[in-house]
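The values are calculated or read from the model by the stated rules, or taken from the named source; none is laboratory data. On a predicted model such as this, the values are computed, not experimentally measured, just so you know. Using ideal geometry, Cβ is built from the backbone for each residue, glycine included, and neighbour counts are taken over all protein chains shown. Protein only, heavy atoms only, side chains kept; ligands, DNA and RNA dropped before computing areas. Shrake-Rupley method; radii C 1.70, N 1.55, O 1.52, S 1.80 Å.
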Amino acid sequence: MINKLDAQDRYTEHFAQMESHLMEISPDWARPLRKAAIEHFAGLGFPTIREENWKYTNLAALAHTPFIPAATLDQEGFDLSDLQDKTAAELPGHRLVFINGVFNAAQSRLNELPPGVTVCPLSIAFKNSPVAVDNYMTHVAPCQGNALVALNTAFWTDGAFVHIAPGTIVHEPIQIVFASGGKKDMLVTFPRVLVVASPGSEASLIQYHVDGLDSHYWANCVCELVLDDNSSIEHYLLQEESVTAYHTNLIEVKQASNSNYVSHNFCTGSALARTDLNVRLTEEGAKCSLYGLYSSRGTQHLDNHTLIDHISPRCTSHEFYKGILNGKSRAVFNGKVMVRPDSQGTDARQENRNLLLSEDAQIDTKPELEIYANDVKCSHGATVGQLDEDALFYLRSRGVGANAARHILTLAFASELLERVQIPLLADHLHWKTLPRCMPSARIFESVG
């Protein structure tokens, strides 16, 4: 059982020590929110497995660890030697890099953007676009009832701000890199992202979470995305942090009429990771597609919770998640689709497939569908299985080694989601760098006879 008082007292004390600095870097409107957020966290404490939403993910180790909120100077001495390799840096376009929550200009690439497009750190947006930030930040993801969002709201130091003007199409992807860890152990960082897509705008966003060193840290992120009428956002989320790290992330998406949100969630890192992706289809004709691939090994614990909330009529959602589990790892998929009474004409499909590569790997999958309207088309399903023995035999009979055969079939299982990636260089990065890291003995082409 989590000792709530220890964690609450610890973070309350950290806040008191950092309060003057946090207030100094905040706009006027955010200062009372920070104070309210830490008080809210003190009242809630960390969630426990007694709560239905946290039944399969125990945060006791995370709550008991005396993490220290990262400060501005904690990016000094940060090892960036392999950051380029970890993040497909060769991709063109704007690129913001944050180290332990603080913007790093030297690692960022600020290319020329189309007129009407703003991509910058929140610290700059507070000065140049105060109204746009004030109108949305903390509105889509309020901290009420959510201890992890409350902690982020109390302690964030910087983050990414993306604002796209009406009718503007951004052709090159926008990259946001959050690197955490470094020479100091036991840091907790609080990345923050705010994306506002105005009517008729389009953009692709790539959000990386990586580590600087294999250090012991916790990244607790909050992302807010607002899609106005007829806008479109393609959102790639790559969580590739160290297997000695902890990662929690809440993504809240609010969609207006006929907007289109596409999420590609690739989760392979961290000792324990929990991603909550909540999409609210608030106006008629909105559409979302959620694609996800989680791959675990060793003793990793990866938890993906999704909620698609159909609030208005004639909205469409499509969700397709796959899991690959090896070693003694454990994964959780909880996908809830809510169809509210006014959501006539809803079209919602959800599917979760899982591949277990070892006898000790474990998956808890829980598709949920709640329907309160009668004129709808809805389906959901989940499967758990192993590699096809006939396919393995076929490959072995043609001279392919046992390990190579297993890896070929595993990559084939994942390819259905890789093929949906619309950026070729990013797809290559995922295929050749991300997934092989999850399969330690993958020497496919050396083993093919």
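Values computed for the structure shown
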{"read-out": "Index of the failed condition, F413 passing every other in (1) modelled with pLDDT under 90; (2) among the hydrophobic types (A, V, I, L, M, F, W, C); (3) out of contact with any helix residue (DSSP H, G or I) (no Cβ under 8 Å at 6 or more places or on another chain)", "value": "(1)"}
{"read-out": "Residue in the stretch 39-50 that is loosely packed, with under 13 Cβ neighbours inside 10 Å and of a type in the set (D, E, K, R) present", "value": "yes"}
{"read-out": "Cβ pairs under 6 Å, 6+ apart, first in the stretch 50-72 and over 28 Å from E368 (Cα atoms) and assigned to a loop (DSSP other than H, G, I, E, B), second open to solvent by less than 60 Å² (accessible area, probe 1.4 Å) and of a type in the set (S, T, N, Q)", "value": "A70/N100; A70/T189"}
{"read-out": "Total residues in the stretch 355-395, condition among the hydrophobic types (A, V, I, L, M, F, W, C), part of a loop (DSSP other than H, G, I, E, B) and either open to solvent by 60 Å² or more (accessible area, probe 1.4 Å) or in contact with a His (Cβ under 9 Å, 6 or more places away or on another chain) (or both)", "value": "2"}
{"read-out": "Elements of type helices (runs of 4 or more DSSP H) in the stretch 78-149, at least 3 residues being over 19 Å from the mean Cα position of the chain (by Cα)", "value": "122-128, 130-136"}
{"read-out": "Residues of the stretch 56-70 satisfying the condition of being over 20 Å from the mean Cα position of the chain (by Cα) and either open to solvent by 50 Å² or more (accessible area, probe 1.4 Å) or modelled with pLDDT under 70 (or both)", "value": "A61, H64, P66, I68"}
{"read-out": "Which numbered condition M23 misses (of (1) closer than 24 Å to H247 by Cβ; (2) open to solvent by less than 70 Å² (accessible area, probe 1.4 Å); (3) in contact with a helix residue (DSSP H, G or I) (Cβ under 9 Å, 6 or more places away or on another chain); (4) hydrophobic (A, V, I, L, M, F, W, C))", "value": "(1)"}
{"read-out": "Those strands (runs of 3 or more DSSP E) lying entirely in the stretch 179-223 with at least 1 residues open to solvent by 10 Å² or more (accessible area, probe 1.4 Å) and at pLDDT 95 or above", "value": "202-211"}
{"read-out": "Residue match in the stretch 75-84 (condition: under 18 Å from H216 (Cα atoms), modelled with pLDDT under 90, charged (D, E, K, R) and open to solvent by 60 Å² or more (accessible area, probe 1.4 Å))", "value": "yes"}
{"read-out": "When residues of the stretch 240-257 are limited to those that are modelled with pLDDT of 95 or more and polar (S, T, N, Q), the one nearest to the chain's Cα centre (by Cα)", "value": "N249"}
{"read-out": "The stretch 98-122 - residue that is more than 20 Å from H209 (Cα to Cα) and in contact (Cβ under 8 Å) with a residue 24 or more places away in the chain and, of those, least open to solvent (accessible area, probe 1.4 Å)", "value": "V117"}
{"read-out": "Matching residues, the stretch 256-298, being assigned to a strand (DSSP E or B) and small (G, A, S)", "value": "S263, A273, S289, G292, S295, S296"}
{"read-out": "Residues of the stretch 317-349 satisfying the condition of being polar (S, T, N, Q), modelled with pLDDT of 95 or more and closer than 21 Å to E416 by Cα", "value": "S317, N334"}
{"read-out": "Boolean, N260 is out of contact with any Cys (no Cβ under 9 Å at 6 or more places or on another chain), at pLDDT 95 or above and polar (S, T, N, Q)", "value": "no"}
{"read-out": "Residues located in the stretch 388-417, provided they are touching a residue at least 40 places away in the same chain (Cβ under 8 Å) and touching a strand residue (DSSP E or B) at 6+ places or on another chain (Cβ under 8 Å)", "value": "G399, V400, G401, A404, T410, F413, A414, E416, L417"}
{"read-out": "Close pairs (9 angstrom Cβ cut-off, 6 or more residues apart or separate chains): under 15 Å from G345 (Cβ atoms) and open to solvent by less than 10 Å² (accessible area, probe 1.4 Å) in the stretch 267-286, of a type in the set (S, T, N, Q) and assigned to a loop (DSSP other than H, G, I, E, B) anywhere", "value": "L281/S259; L281/S312; L281/S343; L281/T346; A286/S257; A286/N258; A286/S259; A286/S312"}
{"read-out": "Among residues of the stretch 378-387, those that are without any contact (Cβ under 8 Å) to a residue 40 or more places away in the chain and either under 30 Å from A405 (Cα atoms) or touching a Ser or Thr at 6+ places or on another chain (Cβ under 7 Å) (or both), counted", "value": "6"}
